[in-house]
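Structure record follows, encoded as structure tokens.
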């Protein structure tokens, strides 16, 4: 959230951010509301001062026997009180309007972020793992076909029990997901992260604190209500990312300088309706309504946030490096930056089966497995998270950062496609084998029920 003072003093900067991020907000209306509020506040202060002066004379006038003048002063004090109440009521109304409007203003992009309209203008920072990539079969089978053939991914039964956009991982497919989660958690523990296992439902106040609300209500899964209906702070939603509960652990708190940096990690399932993505990625597990993810959340001093951002990118990359999966790092341009971010890098793993126009020259496609974001004080201001170096010093807003470490299903896609063998099996990356009972190769499972009989 931007402070009203910043918006008031830097309207051109805010206007530029709105244009570059493609956010449609009536800034002039916000400035007009703020100006009226400030005028009313000043008028209220003047009336309060006048009323105090008038009230102080009433006793003196009565003591002096000037009853008529005293009565006149009483009447004037009453008039001032009524006028003041009306002004305060209007100011309170404007205050509420202004606070709601400020919630719809996006974060200002960092000066280093390239200006661009959309994802086509993102900047590739580097690629890793392509120089010594493993030899692939002549024809790489897409993960959705291979997963079904091996009986480790089941889309029909996922749709049967939950609807379209859900899947079932079973046998070695389920073990692979569990292995990835535990492996990621262990990697990040080595990097100094403290584990958090948060609630899956989160309240509206938490969604507002991290910036999901009010802008993205249509993408969330509401518990016990329609998304379009009004909601209160205590209404519950299924979390879209562990960023929401973990960041809000310290909502409306003051941390101490000695606490920082705080580095938390959390595994959770995540739930997204993907309301704006109908008709995309209908096959496989690239875009689903429920998926597992390990999330890293950092709380840092403002002067340490830039360095911590680069460190967070490296911490997320470490997972891909240890798994020896080829990937690239992208810097998001302003048009693809997101509502809350001041700066963002995406990590995209290589999935070689499905050739896409925007894929690498060697074929296949890129799959985003992590977005590493620096929010500056944007989330901290929305959520009321501050810190002070010493007990006697005033508190100031800290900076928050987060990054996925990583999104599990898309890593599964990359493993099934990159580590598959000509005989239809899949080699398990060495770091994952201890988490899978030393299984080195996924050979698949037999089907169950009458379907194993085929067309007999």
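The values are calculated or read from the model by the stated rules, or taken from the named source; none is laboratory data. All values reported here derive from a predicted model rather than from experimental measurement. Neighbour counts run over all protein chains shown; Cβ positions are idealised from the backbone, glycine included.
For every residue, the table says whether it meets (1) more than 20 Å from residue 294 (Cα to Cα); (2) at pLDDT 95 or above.
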position	(1), (2)
347	no, yes
359	yes, no
375	no, yes
388	yes, yes
393	yes, no
396	yes, yes
404	no, yes
448	yes, no
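Would you confirm whether or not segment 340-356 contains a residue that is more than 17 Å from the chain's Cα centre (by Cα), on the phi > 0 side of the Ramachandran plot and assigned to a loop (DSSP other than H, G, I, E, B)?
no
If the condition is being in a loop (DSSP other than H, G, I, E, B) and either within 19 Å of residue 194 (Cα to Cα) or under 9 Å from the mean Cα position of the chain (by Cα) (or both), then segment 234-252 contributes 240, 241, 242, 251. A single entry from 106, 137 fulfils the requirement of being assigned to a loop (DSSP other than H, G, I, E, B), within 30 Å of residue 19 (Cα to Cα) and either in contact (Cβ under 8 Å) with a residue 40 or more places away in the chain or touching a helix residue (DSSP H, G or I) at 6+ places or on another chain (Cβ under 8 Å) (or both): 106.
Scan segment 196-210 for residues that are in contact (Cβ under 8 Å) with a residue 40 or more places away in the chain and either in contact with a helix residue (DSSP H, G or I) (Cβ under 6 Å, 6 or more places away or on another chain) or more than 17 Å from residue 378 (Cα to Cα) (or both) and the total you get is 9. Once segment 408-436 is narrowed to residues that are assigned to a loop (DSSP other than H, G, I, E, B) and touching a helix residue (DSSP H, G or I) at 6+ places or on another chain (Cβ under 8 Å), the residue that is surrounded by the fewest Cβ atoms within 10 Å (Cβ to Cβ) is 424. Any residue at all in segment 140-159 that's surrounded by 17 or more Cβ atoms within 10 Å (Cβ to Cβ) and within 22 Å of the chain's Cα centre (by Cα)? Among the residues of segment 140-159, not one is surrounded by 17 or more Cβ atoms within 10 Å (Cβ to Cβ) and within 22 Å of the chain's Cα centre (by Cα), which makes the answer no.
Considering 65, 59, which residue is at pLDDT below 95, outside any helix (DSSP H, G or I) and exposed (fewer than 13 other Cβ atoms within 10 Å of the Cβ)?
None of the other options fit; the residue is 65.
Among the residues of segment 190-199, which ones are in a helix (DSSP H, G or I) and over 19 Å from residue 433 (Cα atoms)? Within segment 190-199, none qualify. Checked against the criterion of being over 16 Å from residue 288 (Cβ atoms), touching a strand residue (DSSP E or B) at 6+ places or on another chain (Cβ under 6 Å) and outside any loop (DSSP other than H, G, I, E, B), the candidates 157, 127 yield just one match: 127.
Residues of segment 72-83 include none that is over 48 Å from the mean Cα position of the chain (by Cα), in the same structural domain as residue 18 (by TED's automatic domain parsing), exposed (fewer than 15 other Cβ atoms within 10 Å of the Cβ) and part of a loop (DSSP other than H, G, I, E, B).
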